[in-house]
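Asker: Got a structure here, written out as structure tokens. Questions coming.
Each reported figure results from applying straightforward, stated rules to the coordinates on display, with no laboratory input. Remember, predicted model here, so these are calculated numbers, not experimental data. Cβ: placed from backbone, ideal geometry, glycine included. Neighbour counts: every protein chain shown.
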Amino acid sequence: MTTTALDTALALPSAPGAEWWRSAVIYQIYPRSFADANGDGIGDLPGVTAHLDDLQRLGVDAVWLSPFMTSPQKDAGYDVTDYCDVDPIFGTLADFDDLLAGAHERGIRVIVDLVPNHSSDQHVWFQEALAAAPGSAARARYLFRDGKGEHGELPPNNWDSVFGGPAWTRVTEADGRPGQWYLHLFDASQPDFDWTNTEVRAEFRRVLRFWLDRGVDGFRVDVAHGLMKKAGLPDYVPDIDGGSMGGDASDVPYWGQPEVHDVYREWHRVLAEYDGDRALCAEAWLPSVAQTALWVRPDEMNQAFNFAYLETKWDAAALRAVIDESLTDYAAVGAPSTWVLSNHDVVRHASRLALTADNPQGTGLGPNSPGKPIPEVGLRRARAATAMMLALPGSAYLYQGEELGLPEVIDIPDAARQDPTWFRTNGERYGRDGCRVPIPWVAGAPAYGFNDSGASWLPQPPEWARLARDSQAADAASTLSMYTTLLAERRARDLGEGTLEWIQTPADVLAFRNGSLTVLANLGADPVPAPNGRVIAASGALVDGRVPTDTTVWVETD
Ligand code: NOJ
Ligand code: CA
């Protein structure tokens, strides 16, 4: 690997309190759906490298790459067999090094996804555990238990998998008899590690160092609330409607156990051994902002996804409350708030914000879903929501394709669906395929420029031609142009490092100042006057100087 001047610059530590992750806009790349360089229908790392210029033009500070490590892809890479290698469908370690160097040359940081709660069932450790006897050291790396009932024929407890069905699967022992059960909070192909096991702890310190040595700027930590389970694994009736990843209920014996914080203190110390400001971001679905803030205390992680914000309805009072709560609760532990509206697990916000029936995030949308969104309403609200989010102090996460205004794809044929949720609930929950469809780059090209061959692991809808990046780049009113303007203005004004000051408004309207910027979002039905000053960005056209419904405007006031 060669070290560039920018590599060196990026490696310099910032003054405490001025670390890059406090205010960064971080763009999530879901590699299998971003860009496909070899035409096999699945996006890959060379595809990402080929589009780094587009990301630089968009104006993001960092990218987060969803898992590209070796995996049988039972849960799109969140089922890892080798934590320190690249799956051949995504490329090679050399491809990763090229991507990282290319990003750093452009001043873009790179964080990678770490999946510590579980491995793939094809992981060498799990295969060893299956071959070994109950009570062995190999089994102790995972959560094997004897079943209940006369012959151990009942699962050890009543926990359900987040993806539906039981969280336990029974194995066949070496002598051919039905044997112990192992825990998997997700798919049966994703056995949970036992994080009280010292070998597991040491292995993940090694994995962190492997990627830190290669030069990554940090990690997004998958299921960061789930690593520790309550001692004795007591029964619990889970609330499967409690948020996408099931973490919104309280007192769950497998989420948010206090012992998990020691793991992150340990990792904090590992990251501190390295140059520059390396960051840990928690994917922790918890019942409150205050609880999530515990993951980002000064000696633990740096950021946590603000799912409370993501889950807030398009309602002025509710949004103001969650913004206030977030700024207060994270400030109390010295951490920035993050903001996020979409990711690869939830219905895209260009659809979600216009749902007219209750539809828990995790069930996805499909042909038979109630309350399907009107696309125009969804896009209008999504643009307004993003324009508000990008003016907030803290760090913001974007999900690939939202800069194109992509909606959730609802009409995916049943036979094409791939999310384990769909299979584990016998089609009752559609799952997350609708937000994972390969994104459109070029209107008239095969697979809209996702690749040259036209292949696509999930079908792309015909109406995406008009959403392709190339058509939007040429249109000043497009969603892509809006994102580009907002990101440039956000950077120029250091909004991420700013302070929010609310302005008194009628109900249904939100307005605040951040530095010299005044932001007004009209969530009500009637137009309202724009703040005085020069309009520098707007999510939709103003009408006679008034801000229409579902529109956000940025005004320069000083
Ligand atoms: C959260 C990830 O974002 C999701 O995609 C995955 O299915 C689960 N964790 C299990 O790893
Ligand atoms: Ca490919």
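Asker: Mind checking the dipole of region 2-130: about its Cα centre, +1 per Lys or Arg Cβ, -1 per Asp or Glu Cβ, Debye to the nearest 20? Write down the numbers at each step before the final one.
Answerer: Values: 6 positive and 20 negative charges, 104 e Å.
It comes to approximately 500 debye.
Asker: Next up: Quote the charge dipole size of the chain about the Cα centre in Debye, to the nearest 20; the model charges only the Cβ of Lys and Arg (+1) and of Asp and Glu (-1). Can you show the working numbers first?
Answerer: On the way: 45 positive and 78 negative charges, 133 e Å.
That gives the chain a dipole magnitude of about 640 debye.
Asker: Sticking with this structure for a sec: Along the charge dipole of the chain, pointing to its positive end and built from +1/-1 on Cβ of Lys, Arg, Asp and Glu, which listed residue (A447, P461, G232) has its Cα farthest out?
Answerer: Of the candidates, P461 comes out farthest on the positive side.
Asker: Rounded, prolate or oblate: which fits region 477-551 when a ≥ b ≥ c are the square roots of the eigenvalues of the alpha-carbon gyration tensor, with rounded for a/c under 1.5 and prolate only if a/b beats b/c?
Answerer: Numbers: a/c = 2.00, a/b = 1.20, b/c = 1.66.
Taking the square roots of the gyration eigenvalues as a ≥ b ≥ c, region 477-551 is oblate.
Asker: Also, quick follow-up: For region 8-80 and region 106-134, write down the distance between their C-alpha centroids in whole Å.
Answerer: 19 Å
Asker: Please list, in order along region 521-532, the HN-Hα scalar couplings obtained from phi with the Karplus expression 6.51 cos²θ - 1.76 cosθ + 1.60 (θ = phi - 60°), rounded to whole Hz, x for Gly and Pro.
Answerer: Once θ is set to phi - 60°, the couplings for region 521-532 become 10, 9, 9, x, 7, 9, x, 10, x, 6, x, 5 Hz.
Asker: Let me ask you something else. Return the long-range amide H neighbours of W64 (sequence gap of 5 or more, or a different chain), with a cut-off of under 5 Å between placed amide H atoms.
Answerer: Long-range HN contacts for W64: Y27, Q28, I29, I111.
Asker: Pulled fully out, how much extra length does the chain show between D526 and R320, if you take 0.36 nm times their separation in residues and subtract their Cα-Cα distance?
Answerer: On the way: separation 206, 0.36 × 206 = 74.16 nm, distance 1.94 nm.
Roughly 72.2 nm would be gained on extension.
Asker: Next question, about the same structure. Identify, among T292, N302, V263, the residue whose Cα sits farthest towards the positive end of the charge dipole of region 253-309, taking +1 on the Cβ of Lys and Arg and -1 on the Cβ of Asp and Glu, with the dipole about the Cα centre.
Answerer: The residue sitting most towards the positive pole is T292.
Asker: While we're looking at this one, here's another question. With 30 Å as the limit, write out which pairs from K148/K230; K74/K313; K230/K372; K229/K372 have Cα-Cα distances beyond it, or answer none.
Answerer: Going by Cα-Cα distance, K74/K313; K230/K372; K229/K372 fall outside the 30 Å limit.
Asker: Under 5 Å between amide hydrogens, which residues at least 5 positions from D85 or on another chain qualify, with H placed 1.01 Å from N in the peptide plane?
Answerer: HN-HN under 5 Å from D85: T70.
Asker: Would you work out if region 124-180 is rounded, prolate or oblate? Take a ≥ b ≥ c from the square roots of the eigenvalues of the alpha-carbon gyration tensor; rounded if a/c is under 1.5, else prolate when a/b is larger than b/c, oblate otherwise.
Answerer: Values: a/c = 2.00, a/b = 1.29, b/c = 1.55.
Cα axes put region 124-180 in the oblate bin.
Asker: What are the ³J(HN,Hα) values, in whole Hz, obtained from phi via the Karplus relation 6.51 cos²θ - 1.76 cosθ + 1.60 with θ = phi - 60°, for each residue of region 110-117 in sequence order, with x given for Gly and Pro?
Answerer: 10, 10, 10, 8, 10, 10, x, 5
Asker: Between region 386-418 and region 462-522, how many Å separate their Cα centres?
Answerer: Computed from Cα coordinates, the inter-centre distance equals 15 Å.
Asker: May I ask you to list the trypsin sites (Lys or Arg not before Pro) in region 312-354 that are in a DSSP loop and have at most 14 other Cβ atoms within 10 Å of their Cβ?
Answerer: Working: sites: K313, R320, R348, R352; in loops: K313, R348.
Passing both the DSSP loop test and the Cβ count: K313.
Asker: Once phi is turned into ³J(HN,Hα) by the Karplus curve 6.51 cos²θ - 1.76 cosθ + 1.60 with θ = phi - 60°, what whole-Hz value does each residue of region 44-60 show in order, with x for glycine and proline?
Answerer: Running phi through 6.51 cos²θ - 1.76 cosθ + 1.60 with θ = phi - 60° gives 8, 5, x, x, 5, 4, 5, 10, 4, 4, 5, 6, 5, 4, 5, x, 8 Hz.
Asker: Which far-off residues, 5 or more places away or on another chain, put their amide H under 5 Å from the one on A537, with H placed in the peptide plane?
Answerer: W554
Asker: Just going by the charge dipole of the chain, with Lys and Arg at +1 and Asp and Glu at -1 on Cβ, which of T198, T356, A384 is farthest out on the positive end?
Answerer: It is A384.
Asker: Give me the extension gain from S453 to V333: residue separation times 0.36 nm, minus the current Cα-Cα distance, reported in nm with one decimal.
Answerer: Values: separation 120, 0.36 × 120 = 43.20 nm, distance 5.01 nm.
Result: 38.2 nm gained on full extension.
Asker: Once the piece of chain linking E556 and L154 is laid out straight, how much longer is it, given 0.36 nm per residue of separation minus the C-alpha distance between them?
Answerer: Working: separation 402, 0.36 × 402 = 144.72 nm, distance 6.48 nm.
Contour length minus the Cα-Cα distance gives 138.2 nm.
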